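The values are calculated or read from the model by the stated rules, or taken from the named source; none is laboratory data. Since this is a predicted model, take the numbers as computed values, not measurements. Cβ sites come from the backbone with ideal geometry, for glycine too, and all protein chains shown count toward neighbours. All accessible areas refer to the heavy atoms of the entire protein, side chains included, with ligands and DNA or RNA removed. Shrake-Rupley method; radii C 1.70, N 1.55, O 1.52, S 1.80 Å.
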Amino acid sequence: MSTSITSETGEPDSEETVLRERIAENPGPALFWLAGAAVLLALELGRIAGWITGLGSAVGFAVNVIAGIPRWIGGNVADATVPIAEYFVGDALSLLLLFGVASLLVGLAPWSAADRFDFGASPRTMALLERAAVTAVLAALAVLFVFTPVGGLVRTAAAAPFDLLSSLPTITDHEVISNRGHRTPGGGWEGTFLGLSPAVAWGIRVLLVYGYALVLIGWVWKGYEIFRTHYRQADWTPRDDTFDRFRSHYWGLFGLVVVVLFIATALWAPAVSPVPAEENIYSPYSYEVEYLEDGEVATTTIGNANLDTQSDGQNTVGPMSYDEYDRWAPLGTTPNGQDMLTHLAYGAQTSLVIGLLAIGLGGLIAVTMSLLTAYYKGIVDVLTVIASDSIISIPAFLLVMMLSVIFDQGNHVLAEPLNGGVLLGLIFAFVYWPGMWRSIRGPSLQVAEEEWVDAAKSYGQTPANTMRKHMAPYIAGYIMIYGSLLLGGVIIFTAALSFLGLGINAPTPEWGRLVSDGQSFVSTSSWHVATIPGLVIVLVVTAFNALGDGLRDAIDPEAAAGDANTDDTGAAAAGGGG
Amino acid sequence: MSQQTIHSDADVSTDSDEDAMISVRNLKTYYDEGGLLGGTPVKAVDDVSFDIRSGETLGLVGESGCGKTTLGRTLLQLEEATAGDVLFDGVDVTKLDGSELQEWRRNAQMVFQDPESSLNDRMTIGEIVREPLDVHDWKTPRERRQRVKELLATVGLQREHYYRYPHQFSGGQRQRISIARTLSLEPDFVVLDEPVSALDVSVQAEIINLLEDLQAEFGLTYLFIAHDLSVVRHICDRVAVMYLGNVMEIGPTEELFANPSNPYTHSLLSAIPEPDPTSDRERITLHGTPPNPRYPPSGCPFSTRCPTRIRPEEFRALDDELWTRLNALKNTLSERKRAELSVRERVRAAVGKDTRFGSIEELYDDLFGDLEVPPDVQSALDEIETHARNRDEDEALAVYHDAFGSVCEAETPEYYSTGDGEHRSYCHRHDEGYRSPGAVLDRRHR
């Protein structure tokens, strides 16, 4: 039996290849796909570079906040004890932080220095030494960055190419397809794209934005299909079935489409808005608008123009209309006279940042805790239950309001970005992780009892890898579903807070504040101010729920198979006794 | 039958240690519920000692819940031993930790009972079989893939199954995958935890043959945990019989099957269906269920159900049926003793109403109502009844033991060597002065 399959052992193993070699063997499809990707990248290079710059500054902010923690704790300890303690405690905590980062780096690195050198020490000591060495290097770098001009130089050098790139024109730029101009006395338009009317120019740009987003997604999918047909070694994986099931789930597809539109709106907010938020909302008195008045082209500040185009019941600039300054307002104006679509598009950014931060961070905490508590059980579990119950026992609305007021009033550094948007995301993460943890606790306890977890232990797999490879994939589906459902909740919650005048402060655009501002005009000609953002909120939240539904149905069928009954005592069948 | 006592466990170890690969000494594995106040632990494995020799297959049989799986898992350090040693080539592996334990795990692997649950459905067969190699950083990734494919061929699968997923395979094939994973690190010792009990009978034979082939090819040592005695008889060199966390009997397979010593082994073997219709062998039916391993009986663990329990001299002549009833009385009393009465039940008992256990009168009526009870037994029963009615179960049990108890409940037995030196049995009946279990069974059950 053991020698029955020997016919092909003799030949060299041609299938023994890694992806790189398989691509080198048959580069056609891969090159085709890469060429398409390069074209797509080139079209929007400036904007993508802009996103990277934005991401970089967000990471920089996060690093600054985290790096400030040891000093802050040190300061508190110094206040309570002796002043000199500030330096000791602060530096010790900084080193501890760096050690944590070093451990992460060592864990992620594909090779380990400990394998190269052999002092005859035990592997555990070697690993510790390696981490300590990386910590020392990191500490030296940190000192170099903070106390010498090197830091500033490096930062400028790193940012420079992206700054340069982000100034490149893209096909969806206002400069390329402009919808801002003024009528000419002759009846045409001056300053718009090809002399078209602003409405048409804006329409073309918006179509380009969403078209580009769809093509981008289609191209990624195409890439996956090329990989599947040409480069993947398995002819089938469970993921194929998941995709197939999702494809025929129309409610989920509806959710996906709306969510994609929502994300595209947030990412391309400047292109979707008829006017950039900077000019229309943040500093309207620094920019000017040209318009035709009595046959003459006149100029005024945008701020002044806004004052005349308010939608406040008496005066209305409704959807799909021009205001008296010849500005195209696809969704009308706000009670302040600002452009409504600009508010909505940038408000989508705010909602997306808050939602992703809250669900991303909260979900991360929930998954980590559920894996740890399910694997180790015992005291870790009890402590987590106590912590989560303490948070759950306070009404969520009250807790969020309390925390946001405290941080806002204290002018905490976290309350600065997005006028409190980031702070709100963090607060939501803190308030929502216990709920998410509770919902995935059952599945994770169940998967921790599977025999393959025991099997992994029996051949010495580390707990961290066991959790990652053998447990996390089984709860990923659950957390995706709960996350997408909660994301809608977070958007509503944010809107509700802004409606109450808490949450996101002006001038950062936010949907809930639009509803709040427009609620008194619902029965007037300015009905659109509260109604449109309200409908958009409903649509987006519904879409996230639909997407969650679709994901669950696509992932679920395997959950039914996970009914393994693992009993320690080997209860299998009746023995010889009775 | 030559019978001699082996007086201490120290003697046991010197007895047969020469070519032992694994020596288990006084191993105990207790499960705590993790209660803050301690509480009584479940004694899943309770003081077990035996050896496994290099290259042999040791069978471990017993009914469900007797602790055989726990014993196997403890040997592999999947459960923490409460006490005792597991010497693996002279190293006590229960004391290993960290990287030493990690390194040792290469040598000892396990095949799990349920192939549906022991393979991670989200990984390809290749990833599953490769994982132990990855964990131990075995050579280069390319060599690992090569080895996995060879292993798949070795266990009778196709090399191109590497990229398939577990649920594309049948139970028998999945068990082959599981065996391939077990072999990947070239272990010396493999625990087979009921490897075929979840499979179809036709597939069972294939897997058993595969396991035997692999043992011959790679010189493996097996601990074969099973409850299917015919499979055990087929594959094992020696067999250990477990009951309630104790090894009742251990010996060479053929001798143990043909000539069992321990009464528990007798009853276990009598449960094998006999294909011969003219056979006059009678099945020995054990009464009751195994005791709760949290509260094992005093003395011999099998004493509560033993068909050959030693009876006190003066009651030799009593009817077997009456003994059964007496035994039931004792078990009920022990249960009542352990049961916590709620406040409500205490009140009900105080005002003379029935508790959930019913009254002693009813119990007596149930047990002895339809039997002739000799006067000397009756007087003891009356005394027990008096104490029991006063809810003084301790005293009632003391009276019971005075009257009907014997060495079986009073003392833990020794391991007696029966047959050639390797065959050992855990029963008082092998002592001089008692008749052997076989003889007693012949008298009581034939």
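Residues in the stretch A:118-135 that are of a type in the set (Gly, Ala, Ser) and open to solvent by less than 60 Å² (accessible area, probe 1.4 Å) were compared, and the one that is modelled with the lowest pLDDT is A:Ala121. A:Ala571 meets each of the listed conditions (1) modelled with pLDDT of 80 or more; (2) touching a Gly at 6+ places or on another chain (Cβ under 7 Å); (3) assigned to a loop (DSSP other than H, G, I, E, B); (4) open to solvent by 40 Å² or more (accessible area, probe 1.4 Å) apart from (1).
For the stretch B:242-272, taking the residues that are small (Gly, Ala, Ser) and farther than 19 Å from B:Thr70 by Cβ, the one that is most open to solvent (accessible area, probe 1.4 Å) is identified as B:Ala258. Elements of the type helices (runs of 4 or more DSSP H) sitting completely within the stretch B:53-140 and holding at least 3 residues that are within 30 Å of A:Asp240 (Cα to Cα) and among the acidic types (Asp, Glu): these cover B:125-135.
Could you check, for the stretch A:286-301, whether at least one of its residues is more than 18 Å from A:His182 (Cβ to Cβ) and either free of Cβ contacts under 8 Å to residues at least 40 places away in the same chain or surrounded by 19 or more Cβ atoms within 10 Å (Cβ to Cβ) (or both)? The answer is yes; a qualifying residue exists.
In the stretch B:363-422, which helices (runs of 4 or more DSSP H) lie fully inside it and hold 3 or more residues that are free of Cβ contacts under 8 Å to residues at least 40 places away in the same chain? Output list reads B:375-389, B:393-404. Listed by position, the helices (runs of 4 or more DSSP H) contained in the stretch A:246-341 that have at least 3 residues being more than 33 Å from the chain's Cα centre (by Cα) are A:302-308. Note on the stretch B:265-296: residues that are part of a loop (DSSP other than H, G, I, E, B) and within 12 Å of chain A (Cβ to nearest Cβ) amount to 13.
Which ones in the stretch B:219-241 are within 11 Å of chain A (Cβ to nearest Cβ), in contact with a Lys or Arg (Cβ under 9 Å, 6 or more places away or on another chain) and surrounded by fewer than 24 Cβ atoms within 10 Å (Cβ to Cβ)? Listed by number, the list holds a single entry, B:His227.
Put simply, of A:Gly442, A:Gly548, A:Gly518 the only residue that is free of Cβ contacts under 8 Å to residues at least 12 places away in the same chain and away from chain B (no Cβ under 14 Å) is A:Gly442. Can you tell me how many residues within the stretch B:180-204 are at positive phi and surrounded by 18 or more Cβ atoms within 10 Å (Cβ to Cβ)? Qualifying residue count, the stretch B:180-204: 1. Restricting A:Val275, A:Val367 to those that are in contact with a Lys or Arg (Cβ under 8 Å, 6 or more places away or on another chain) and either surrounded by 23 or more Cβ atoms within 10 Å (Cβ to Cβ) or of a type in the set (Gly, Ala, Ser) (or both) reduces the list to A:Val275. Scanning the stretch B:67-125 for residues that are open to solvent by 20 Å² or more (accessible area, probe 1.4 Å), facing chain A (nearest Cβ under 8 Å) and hydroxyl-bearing (Ser, Thr, Tyr) turns up just one, B:Ser99. For the stretch A:151-172, a residue qualifies if it is over 16 Å from A:Ile52 (Cβ atoms), of a type outside the set (A, V, I, L, M) and open to solvent by 60 Å² or more (accessible area, probe 1.4 Å), and exactly one does: A:Pro169. Yes or no: A:Thr148 open to solvent by less than 60 Å² (accessible area, probe 1.4 Å), at pLDDT 85 or above and under 21 Å from A:Ser94 (Cβ atoms)? No: the conditions fail for A:Thr148.
Looking only at residues that are touching a residue at least 12 places away in the same chain (Cβ under 8 Å) and open to solvent by 30 Å² or more (accessible area, probe 1.4 Å) in the stretch B:205-214, which one is nearest to the other protein chains (Cβ to nearest Cβ)? Only one residue fits best here, namely B:Glu206.
If I filter the stretch A:228-252 down to residues being open to solvent by 50 Å² or more (accessible area, probe 1.4 Å) and within 14 Å of another protein chain (Cβ to nearest Cβ), which single residue comes out as farthest from A:Glu25 (Cα to Cα)? Across the stretch A:228-252, the extreme among qualifying residues is A:Asp241.
Within the stretch B:361-414, the set of residues being under 30 Å from B:Arg429 (Cα atoms), open to solvent by 40 Å² or more (accessible area, probe 1.4 Å) and among the β-branched types (Val, Ile, Thr) comprises B:Thr412 only. Scanning the stretch A:357-367 for residues that are without any contact (Cβ under 8 Å) to a residue 40 or more places away in the chain and under 18 Å from A:Glu510 (Cα atoms) turns up nothing. Looking at the structure I just gave you, is A:Val59 modelled with pLDDT of 90 or more, more than 28 Å from A:Tyr210 (Cβ to Cβ) and loosely packed, with under 12 Cβ neighbours inside 10 Å? The answer is yes for A:Val59.
Here A:Gly211 fits the description: at pLDDT 90 or above, at negative phi and either out of contact with any helix residue (DSSP H, G or I) (no Cβ under 6 Å at 6 or more places or on another chain) or within 14 Å of chain B (Cβ to nearest Cβ) (or both).
Within the stretch A:375-395, not a single residue is closer than 26 Å to A:Pro270 by Cα, open to solvent by 20 Å² or more (accessible area, probe 1.4 Å) and outside any loop (DSSP other than H, G, I, E, B). Select from the stretch B:126-154 the residues that are closer than 24 Å to B:Gln215 by Cα and of a type in the set (S, T, N, Q) and write down the one among them that is surrounded by the most Cβ atoms within 10 Å (Cβ to Cβ). Restricting to residues being closer than 24 Å to B:Gln215 by Cα and of a type in the set (S, T, N, Q), the top hit is B:Thr154. The residues of the stretch B:375-386 that are more than 36 Å from the chain's Cα centre (by Cα) and closer than 14 Å to B:Ser359 by Cβ amount to a single one, B:Thr386.
Considering only the stretch A:446-471, state which residues are at the interface with chain B (Cβ under 8 Å from one of its Cβ atoms), open to solvent by 20 Å² or more (accessible area, probe 1.4 Å), part of a helix (DSSP H, G or I) and of a type outside the set (Asp, Glu). Scanning the stretch A:446-471 gives A:Lys457, A:Asn465, A:Lys469. The sole residue among B:Gly65, B:Gly55, B:Gly72 that is of a type outside the set (D, E, K, R) and modelled with pLDDT under 85 is B:Gly65.
B:Ala198 passes every criterion in (1) within 10 Å of chain A (Cβ to nearest Cβ); (2) at pLDDT 90 or above apart from (2). Could you tell me whether A:Pro110 is at pLDDT below 85, closer than 20 Å to A:Val137 by Cα, outside any helix (DSSP H, G or I) and not basic (Lys, Arg)? When the stated conditions are applied, A:Pro110 passes them.
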